[in-house]
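Visitor: Encoded as structure tokens, here's the structure I'll be asking about.
The values are calculated or read from the model by the stated rules, or taken from the named source; none is laboratory data. Keep in mind the model is a prediction, meaning the values are calculated, not measured. Here the Cβ is made from the backbone with ideal geometry for all residues, glycine too, and neighbour counts use every protein chain on show.
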Amino acid sequence: MADAAIVSAELDRFRLASTGRVSPAFGTAHIRRALVAMGDPQDRIPAAIHITGTNGKGSTGAFIRAMAEAAGLRVHVFTSPHLVRVNERIRIAGQLVEDGELADVLADIWRRTEGLTYFEALTAAAFCLFAHHRADISIIEVGAGGATDATNVMMKPAACVVTPISRDHEALFGISGVAAIARLKAGIFREDAPAIIADQPAIALGVLREEARTAGAPVLEAGDDWRARWEGEAFVYEGQRLTVRAPWLGLRGRHQAQNAGAACATLEAMGDKRITPAAMAAGLREVSWPARLQKLAPGPLAKDRDVWIDAAHNPGGAATLANAIRASRSEGMRTAIVFAIQGVKDVDGVLGELTPVVDEIVICPLPDSGGQEGGVGADPRHIAGVAQTLGAKVSVADDLMQAVGLAAARAASVYICGSVYLCGDALRLNGEQID
């Protein structure tokens, strides 16, 4: 059996053995017991930066990684979900984990533990691998929420980051409202670990400040302790000691200034003298992160079409995408979105943001997640009804390939959005890999 197939088989064992358990809402007791059996690797990983938030977690982590690597540092990264291959979730000193090594560590975890979910098993695998391989920094992205997430087992992180908070995953956690979401996410704060807080709604900011005080975490807050802004196309970060200027950011969208600022504030707070303003500027320019306003390369899906993918799947992310579409549209240029979304998501809220900036919405079924976490796709007929109620011109396609063809025949620019899994399917169909 090929190594990739072995990885898939190992993960299938965890998935089948934990049917009915949803790890983000379950709490950390189960994975803590498992990590004890593995020798508590989470306590031995290098300088952990723990990142939570509703939108921007991946982009913020990508900026941190790019700046640290531009300074010559070795960086581990754990993120989720993946787009094409599960290996994307675990990056060891800059390189995606190899199939054979991932299969071996998953087999070892299976032998020593019991009942871990898919996400918990991969989290444990990341901790084991990061403890084994040398690096200077580890970037650990929360799966969902914060306090009860499987990643929230590190007692002494180097820093904790909260990217912009909005409403998402409320049904999963049995909570409602931005304040409750902020309190859940603040559960990652630790005593003496700097809490870097990006721009937030006022109600979320108040909760985060209160929870940071309770935890004994010093706060570094956007607009107070650090600032990020645009000067034309140039990005400027002003911190307590550092000023960083980059002629552009490697990630598209005006919203990326806030993510880049949070990343700069995090590295400034950590105080590693090797990470100079010049290295930070270089990393900000060179950063890449897939499925965030990413233009597809010429291929079977894109061909000679102007096709973009963006992982926006909640109202906050959709508002950001809508702003980017609005800013890029020239007068008279027709724009369409190809759309699918999980049934548990706020379909009305997402489409409410996107409908005003596009000429047509083409809906297709959500592809299978390949065993990843996540619910079933919303019925395309339900999505169509919502979109029509909002005044959109709507078409329904049998699959993603057909949907892109329909959209491209009627619009100059096509944006595929609504789900990370849909974006991953677009990359697969177009023959693109993440490296």
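Visitor: Just to be sure, is D108 more than 28 Å from A71 (Cβ to Cβ), in the same structural domain as M67 (by TED's automatic domain parsing), surrounded by fewer than 22 Cβ atoms within 10 Å (Cβ to Cβ) and over 17 Å from the mean Cα position of the chain (by Cα)? Break it down into steps so the answer makes sense when it comes.
Guide: Details: more than 28 Å from A71 (Cβ to Cβ): yes; in the same structural domain as M67 (by TED's automatic domain parsing): yes; surrounded by fewer than 22 Cβ atoms within 10 Å (Cβ to Cβ): yes; over 17 Å from the mean Cα position of the chain (by Cα): yes.
Against the criterion (more than 28 Å from A71 (Cβ to Cβ), in the same structural domain as M67 (by TED's automatic domain parsing), surrounded by fewer than 22 Cβ atoms within 10 Å (Cβ to Cβ) and over 17 Å from the mean Cα position of the chain (by Cα)), D108 qualifies.
Visitor: Looking only at residues in segment 231-262 that are under 17 Å from G61 (Cβ atoms) and out of contact with any Leu (no Cβ under 8 Å at 6 or more places or on another chain), which one is surrounded by the fewest Cβ atoms within 10 Å (Cβ to Cβ)?
Guide: My answer is Q258.
Visitor: I'd like the residue in segment 24-77 that is among the small types (G, A, S) and part of a loop (DSSP other than H, G, I, E, B) and, out of all such residues, is farthest from T163 (Cα to Cα). Break it down stepwise before answering.
Guide: Within segment 24-77, the subset among the small types (G, A, S) is 25, 27, 29, 34, 37, 39, 47-48, 53, 56, 58-59, 61-62, 66, 68, 70-72.
Retained after the next criterion (residues that are part of a loop (DSSP other than H, G, I, E, B)): 27, 39, 47, 53, 56, 71-72.
On the way: G27: 22, G39: 31, A47: 19, G53: 4, G56: 6, A71: 24, G72: 26 Å.
Result: G39.
Visitor: So I197 fits all but one of (1) over 23 Å from V7 (Cα atoms); (2) in contact with a Leu (Cβ under 8 Å, 6 or more places away or on another chain); (3) surrounded by fewer than 24 Cβ atoms within 10 Å (Cβ to Cβ); what number is the exception?
Guide: (3)
Visitor: Failed condition for I137, given (1) touching a His at 6+ places or on another chain (Cβ under 8 Å); (2) surrounded by fewer than 23 Cβ atoms within 10 Å (Cβ to Cβ), with all others met?
Guide: (2)
Visitor: Something else: I'd like to know if segment 326-340 contains one or more residues that are crowded, with 21+ Cβ neighbours inside 10 Å, farther than 14 Å from V404 by Cα, in contact with a strand residue (DSSP E or B) (Cβ under 9 Å, 6 or more places away or on another chain) and not polar (S, T, N, Q).
Guide: So far as segment 326-340 goes, no, none of its residues is crowded, with 21+ Cβ neighbours inside 10 Å, farther than 14 Å from V404 by Cα, in contact with a strand residue (DSSP E or B) (Cβ under 9 Å, 6 or more places away or on another chain) and not polar (S, T, N, Q).
Visitor: Any residue that is touching a Ser or Thr at 6+ places or on another chain (Cβ under 7 Å), within 30 Å of A180 (Cβ to Cβ), surrounded by 23 or more Cβ atoms within 10 Å (Cβ to Cβ) and not hydrophobic (A, V, I, L, M, F, W, C) - is there at least one of those in segment 35-43?
Guide: No, there is no match, as no residue in segment 35-43 is touching a Ser or Thr at 6+ places or on another chain (Cβ under 7 Å), within 30 Å of A180 (Cβ to Cβ), surrounded by 23 or more Cβ atoms within 10 Å (Cβ to Cβ) and not hydrophobic (A, V, I, L, M, F, W, C).
Visitor: Counting only residues that are of a type in the set (G, A, S), assigned to a loop (DSSP other than H, G, I, E, B) and over 15 Å from D310 (Cβ atoms), how many does segment 328-367 have? Please lay out each step first, then the result.
Guide: We begin by selecting, within segment 328-367, every residue of a type in the set (G, A, S); these are 328, 330, 332, 336, 340, 343, 349, 352.
Subsequent filtering for residues that are assigned to a loop (DSSP other than H, G, I, E, B) retains 330, 332, 340, 343.
Next, only the ones that are over 15 Å from D310 (Cβ atoms) stay: 330, 332, 343.
Number of matching residues: 3.
Visitor: Restricting to segment 143-176, and then to whatever is without any contact (Cβ under 8 Å) to a residue 12 or more places away in the chain and of a type outside the set (A, V, I, L, M), can you tell me which residue is nearest to R209 (Cα to Cα)? Outline the logic, then answer.
Guide: At the first step, the residues of segment 143-176 found to be without any contact (Cβ under 8 Å) to a residue 12 or more places away in the chain are 170, 175-176.
Still in the list and also of a type outside the set (A, V, I, L, M): 170, 176.
Numbers: E170: 21, S176: 20 Å.
Filtering first and then ranking leaves S176.
Visitor: Pairs, please: C-beta under 7 Å, at least 6 apart or cross-chain, first residue more than 19 Å from D435 (Cα to Cα) and in segment 271-295, second crowded, with 20+ Cβ neighbours inside 10 Å and among the β-branched types (V, I, T)?
Guide: Matching pairs, first to second residue: P277/V244; M280/V244; A281/V244.
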